[in-house]
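Report on the structure given below.
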Amino acid sequence: MMKFITTVSMTLASLLVMGDTEISNEASASKVIGYAYDVKTKDLLYTEHHQAKAPQDYSIVYKDAKGEVFATKTIDFSRSRITPSFQQTNELLGEQITVRPLEAGFEVTYQPDGESPKQQEQLEASSAMVIDAGFDGVIKQNWQTLTLGEVVDVDFLAPTELRTFRFRFKQADCLAGTDSGATCFSLSPRSWLVKLAVAPIIVAYNPEQQLIRFTGRSNISDVNGKYHTADIHYQYF
């Protein structure tokens, strides 16, 4: 359960920045850095460094508080803005996640560490399916609907579970300390069981519809496998 929850959270935290054409074009000409802080201690946990390598091809490098790289991610939007393929590696644990497209769906591969066997599943695509950074496309496509107070339900792919789960987006009050003028949304699981284990994820966008803050559980773990609840602030250079 917690592995699934952290996968959902980190997906949003690290990738909403690069999720649509307008943002990605900007990112190709500038730097986008996310600063992840522990919500309790306020200590810097890690930083995210986003780069557009091509119009549909992106990379993210994760560095610890000392500036050492410990995880990487690549995303391919060439097939879809909502269901991109991606590959992620956390070198601290040897964890690897790969999602690649098939003719009528996706192949999901998950390896929790360098010694465990790989787990693999083929999933059929659906109209409500969302993968990884595709959440940003969902928010922007439904911006007016969400800001009018309506909700949007999606089937989020949780690679660690090799399946999808139903989640709901809706507009929410911004957290204290969020920049004035921001528009905020919450992402909550529809399952009551998952709701018992995790608080809603809150994301904030500026008037240019750029992600500026994420607050929720991250699945970027430390060397001991500990996951943090992070408050991530994004800066555009």
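The values are calculated or read from the model by the stated rules, or taken from the named source; none is laboratory data. The structure displayed is predicted, hence computed values, not measured ones. Positions of Cβ are generated from backbone atoms using ideal geometry, with glycine treated the same way; all protein chains shown enter the neighbour counts. For the accessible areas, the whole protein counts, side chains as well, though only heavy atoms, and no ligand, DNA or RNA atoms are used. Shrake-Rupley method; radii C 1.70, N 1.55, O 1.52, S 1.80 Å.
Distance between the pseudo-spin-label points of LEU44 and SER191 (7 Å out from Cα toward the beta carbon): 3.7 nm. Of the peptides 47-56, 126-135, the order by per-residue mean of other Cβ atoms within 10 Å, starting with the highest, comes out as 126-135, 47-56. Here the peptides 83-91, 137-145 are ranked by packing, the mean other Cβ count within 10 Å, and the order with the highest first is 83-91, 137-145.
Sorted into 5 angstrom bins from 0, the C-alpha pair distances of the chain split as 1, 7, 15, 20, 21, 19, 12, 4, 1, 0 percent.
Our estimate of slack between GLU121 and LYS226, defined as 0.36 nm per intervening residue step minus the Cα-Cα distance, is 35.2 nm.
Whenever you get a sec, compute what percent of the accessible area on the stretch 124-235 sits on carbon and sulfur atoms (1.4 Å probe).
Accessible surface attributable to carbon and sulfur in the stretch 124-235 totals 46 percent.
Considering helices alone, the calculated mean residue ellipticity of the chain at 222 nm is -4500 deg cm²/dmol, with DSSP H runs of length four and up weighted by -39500 (n - 2.57) and normalised per residue. Using the alpha carbons alone, the radius of gyration of the stretch 66-198 stands to its Kirkwood radius in an Rg to Rh ratio of 1.00.
Pull up the cross-link candidates among the lysines for LYS40, meaning alpha carbon to alpha carbon under 19 Å and not fewer than 8 places away within one chain. Hits, sequence-local ones excluded: LYS226. Spacing of the modelled spin labels on ALA65 and GLN87, each 7 Å from Cα toward Cβ, amounts to 3.2 nm.
Counting charges near PHE156 (Lys, Arg +1; Asp, Glu -1) among other residues having Cβ under 12 Å from its Cβ returns a value of 0.
For the pair ASP179 and GLN51, label points projected 7 Å from Cα toward Cβ lie 2.4 nm apart. Summing +1 for each Lys or Arg and -1 for each Asp or Glu among the other residues whose beta-carbon sits under 15 angstrom from that of GLU103 gives 0.
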